[in-house]
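These notes are about the structure you will find just below.
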Amino acid sequence: GHSIVQLPMYDWPEFTQATNLLWASIRDHFNKAGINAPTSLDRRAPPAETWQSPNLLLSQTCGLPLVANLSGKVKVLGSFAYQGIEPGGTYHSVIISHKNNDELERCLEGKRAVINGDDSYSGCLALKCYLADRGLESPFASVIVSGGHRDSLCAVASRNADIAAIDCVSWHLAKQCEPAIKNLKVIAHTESRPGLPLITHLDASAQEISAMRDALARAVDDLDEKSCTMLGIHDFVAREESDYAPIAEDLARCGWLSLRR
């Protein structure tokens, strides 16, 4: 059966309980809809492996892996909508620097960037597009790869890097629990794109997909207020894979650019 469920993209330790409650609400609504769902989230298997598993019931990926690697291999259900992020169901990146660094707003040339990974839309490709749109190609003296948005913002706060693009949902989480945030400021925003896709296995029928979308919407409605506020989730937006075409266009336009001189 389809027994793997993961919600891996924003599962910071401080939010484990809220994420578990979100899954419990989804699971209850899946079960009510006749969709057999496992009791708990799988936090062991690497998400990139489970995305393509035939046993996948539910996971969350990023728009970039979706268009680059998973197209035609999974079915897209939709994305969560987050409080204060318009239009609903989208996200963007905040471009951050150290709060005492004023020259960055005028000049990015020769600065040190940090990205979470080159497979990330929000941490890497969104930054390439932002630079390309301003006629800045390969402006950075160095680029370090941190492995995660939280590690990236800590690198900028500790002055191991000058600039990073941080997904706005991760920024919402960081504002609640990451002390490094007090040393940071937002200097710009990137353009809105469809939020992180929730996906299921390729063989899911139209009927199953419809039932899962309904269940996800109801699950968010039923989630307790504290968990909603912590996670920032207030709605679920049904989406098709074709809605992620802007990310595929960004990849074609700017994916090949280097961030380093």
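Of the residues in the range 102-114, how many are open to solvent by less than 10 Å² (accessible area, probe 1.4 Å) and either touching a Phe, Trp or Tyr at 6+ places or on another chain (Cβ under 6 Å) or modelled with pLDDT of 95 or more (or both)? Can you show your working first?
First pass over the range 102-114, keeping only residues open to solvent by less than 10 Å² (accessible area, probe 1.4 Å): 104, 113-114.
Now drop any that are not either touching a Phe, Trp or Tyr at 6+ places or on another chain (Cβ under 6 Å) or modelled with pLDDT of 95 or more (or both), which leaves 113-114.
Residues in the range 102-114 being open to solvent by less than 10 Å² (accessible area, probe 1.4 Å) and either touching a Phe, Trp or Tyr at 6+ places or on another chain (Cβ under 6 Å) or modelled with pLDDT of 95 or more (or both): 2 in total.
I need every pair where a residue in the range 233-261 that is without any contact (Cβ under 8 Å) to a residue 12 or more places away in the chain has its Cβ under 8 Å from the Cβ of a residue that is open to solvent by 60 Å² or more (accessible area, probe 1.4 Å), sequence separation at least 6 or different chains.
Filtered contacts from the range 233-261: no entries.
List the number of the failed condition for Ile144; all other conditions in (1) part of a strand (DSSP E or B); (2) open to solvent by less than 30 Å² (accessible area, probe 1.4 Å); (3) without any contact (Cβ under 8 Å) to a residue 40 or more places away in the chain hold.
(2)
So, in the range 1-40, how many residues would count as being under 18 Å from the mean Cα position of the chain (by Cα) and of a type in the set (A, V, I, L, M, F, W, C)?
Qualifying residue count, the range 1-40: 8.
Tell me the residue from Asp118, Asp133 that is open to solvent by 10 Å² or more (accessible area, probe 1.4 Å) and touching a strand residue (DSSP E or B) at 6+ places or on another chain (Cβ under 8 Å), please. First the steps, then the outcome.
Working: Asp133 fails: touching a strand residue (DSSP E or B) at 6+ places or on another chain (Cβ under 8 Å).
Being open to solvent by 10 Å² or more (accessible area, probe 1.4 Å) and touching a strand residue (DSSP E or B) at 6+ places or on another chain (Cβ under 8 Å) holds for just one of Asp118, Asp133, which is Asp118.
Looking at the range 67-101 only, could you name the residues that are within 28 Å of His201 (Cα to Cα), part of a loop (DSSP other than H, G, I, E, B) and either of a type in the set (D, E, K, R) or open to solvent by 10 Å² or more (accessible area, probe 1.4 Å) (or both)? Steps first, answer last, please.
Taking the range 67-101 as the starting set, the residues that turn out to be within 28 Å of His201 (Cα to Cα) are 67-82, 87-92.
Those left that are additionally part of a loop (DSSP other than H, G, I, E, B): 71-73, 87-89, 92.
Passing the criteria: Ser71, Gly72, Lys73, Pro87, Gly88, His92.
What is the number of the single condition among (1) out of contact with any strand residue (DSSP E or B) (no Cβ under 6 Å at 6 or more places or on another chain); (2) more than 28 Å from Gly195 (Cβ to Cβ); (3) charged (D, E, K, R); (4) open to solvent by less than 40 Å² (accessible area, probe 1.4 Å) that Lys128 does not meet?
Failed condition: (2).
Note down all Cβ pairs under 7 Å where the first residue falls in the range 172-184 and is of a type in the set (Val, Ile, Thr), the second is open to solvent by 30 Å² or more (accessible area, probe 1.4 Å) and in a helix (DSSP H, G or I), and they're at least six residues apart or on different chains.
Ile181/Lys175
The values are calculated or read from the model by the stated rules, or taken from the named source; none is laboratory data. Values in this document were obtained by computation on a predicted structure and should not be read as measured data. Neighbour counts run over all protein chains shown; Cβ positions are idealised from the backbone, glycine included. Note: areas computed on protein heavy atoms with side chains; ligands, DNA, RNA excluded. Shrake-Rupley method; radii C 1.70, N 1.55, O 1.52, S 1.80 Å.
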